[in-house]
Amino acid sequence: MHYLEPINETSYLSVPNAPVYRQIMRCFYREYEKMNFQLYKEDVLELLKKEEQFSDYTMEQLVLDLEALVKWKNLTPIQDPGRVYTIADYKNKQYQYSMSEYAVEIERLTVRLENIFLESGSLSTNFFVRLEKSLEEAPEMEQASLKEVNEWWNLLQEDFKRLNQNYQDYLRDFYSGKSEQLMKSIEFVTHKDKFVTYLKEFVQEMQRHSRRIEQTLRKNEALMEEKLLEKVVRSELEIPHAMLEMQKNAEAGIRENVMGKWESLKNWFLDSEKRECECKKVLRITNDVIRSILQNAALLVQIQNMGVSRKNEYKKFLELFLACEDLDEARRVSAHVFGVQKIQHFKTIVPREEDSINSSVYGEEPASFLLKPHTRSYREKKEKRGFEDKSMEKLMQRQVYLSKARRQKEIVLHYIKEDRIIFSEIQEIISAETRTVFLQWIAQANMSSQKLGRTEYGQEYRMIRKKGNCVLKCEDGDLVMPSFVLEFKEV
């Protein structure tokens, strides 16, 4: 079974030179936690020199040890072309080194073993909410018991620890070699929007909650450092531990641990004079990841679309072909565009001008054949035409319409006698248009509970129904209707 094979990545933990290898990997892991995923050998040597036992350590020894770690797949070398200025630099191969996935997990395990929690990377914003809530409870802890203070402090630190680990694990995936290969694959385009949406939502929530947490920290900073941290130290001392009882300076170690955790929490959300807060760094790195995803997706789409449409290029070649002076020049242009062609001869039913077997096909007049695609979705292109200026025709139609409307208004108002229209007294033969107007007025008044209406000319009226029916004489026949009377309001 392949998963029971030896794990080469753990070799540096048990070889004779293990202390040196472990110190190198611990330097990489500490910088990894600070979001510095890639280091040059000069950076590693500078970090090692800070330890007293590495004061005589040389660059030659470091190069050999780095090669061994690369061989065991703990480190991944990435050649940096930006640092190459001469041929000698290129031959020396200036590398950046980053931890492999296995190496990160192994080093994190060693840290856990030294201090007797690992979760899958995600960008959950629930930890921000819980941190904000815990920090807002700080004033209440001033009067709380030591046990309550200890529980509150442990919950706060657990949430902060899980937040720190989760974002590190998740963002690390985007800096691994496999992730770079995935983002440069065609399949990644379909998942691009999902990643971008997830990262953008995290950035928005982080910006919103980080501002609140920053304000809460600044408001409660004096209270925490002057009173609450001291209560946390006392609460830790109240818990009996066998190992702590054996150590005489247990209080100093606990105090250093508590103060270090508080400084880490502050450095995550508050800027200092020496460095910007970790929160801003995470925002910048997340924005870089989003930018990288969009750039890779755009590049992949561009690569996919290359050669899809070469209409303008072919149009230019056609112009060159038409400008050829003779057949030989036309053949050279064709060879330049299409290369060596596999010639196919087609026999047509068009009669030839002459039957000589020695005459060339290039000497014959060309025959034209209209070719159409054999697909159901094919539609012939319609010829593009401009729009005609019909403003004068529209103006004439408008004048005719307005003139007709004025005549109709005069005819209709002609039947209003003493602010009333009594349909039973109309003896004249009316037109179909006039009848339509009357019926519209009657229908409008019928829809009102008070039998009121308004004409299109702005006149208000009230409809009254008299007994019996009346006959309205029209050009196309007689209309039998109830005897209505329309009374118009005086203006």
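The values are calculated or read from the model by the stated rules, or taken from the named source; none is laboratory data. Computed from a prediction, not measured in an experiment: that's the story for all the values here. FYI the Cβ positions are ideal-geometry reconstructions off the backbone, even for glycines, and counts take in every protein chain you see.
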Positions within the stretch 345-380 being surrounded by 10 or more Cβ atoms within 10 Å (Cβ to Cβ) and over 24 Å from Asp326 (Cα atoms), in sequence order: Val350
Selection within the stretch 251-295 - farther than 24 Å from Leu199 by Cα and assigned to a loop (DSSP other than H, G, I, E, B): Ser272, Glu273, Lys274, Arg275
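For every residue, the table says whether it meets (1) surrounded by fewer than 17 Cβ atoms within 10 Å (Cβ to Cβ); (2) modelled with pLDDT of 80 or more; (3) over 22 Å from Arg162 (Cβ atoms).
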residue	(1), (2), (3)
Glu221	yes, yes, yes
Met224	no, yes, no
Ala250	yes, no, yes
Glu256	yes, yes, yes
Lys266	no, yes, no
Glu278	no, no, no
Qualifying residue in the stretch 103-111 (condition: assigned to a strand (DSSP E or B) and either modelled with pLDDT under 75 or not hydrophobic (A, V, I, L, M, F, W, C) (or both)): no
Val84 being at pLDDT 80 or above, among the β-branched types (Val, Ile, Thr) and surrounded by 14 or more Cβ atoms within 10 Å (Cβ to Cβ): no
Output for the stretch 443-491, where each listed residue is modelled with pLDDT of 85 or more and charged (D, E, K, R): Lys451, Arg454, Glu460, Arg462, Arg465, Lys466, Lys467, Lys473, Glu475, Asp476, Asp478, Glu487
Residue within the stretch 455-468 that is out of contact with any Phe, Trp or Tyr (no Cβ under 6 Å at 6 or more places or on another chain), within 27 Å of Tyr401 (Cα to Cα) and surrounded by 14 or more Cβ atoms within 10 Å (Cβ to Cβ) present: yes
Meets criteria (out of contact with any Gly (no Cβ under 8 Å at 6 or more places or on another chain), exposed (fewer than 10 other Cβ atoms within 10 Å of the Cβ) and under 24 Å from Leu479 (Cβ atoms)) for Glu383: no
Residue match in the stretch 115-137 (condition: at pLDDT 70 or above, more than 33 Å from the chain's Cα centre (by Cα) and either closer than 20 Å to Leu228 by Cα or not in a helix (DSSP H, G or I) (or both)): yes
Top-ranked residue in the stretch 5-33 [being part of a helix (DSSP H, G or I) and small (Gly, Ala, Ser); ranked as farthest from Leu48 (Cα to Cα)]: Ser11
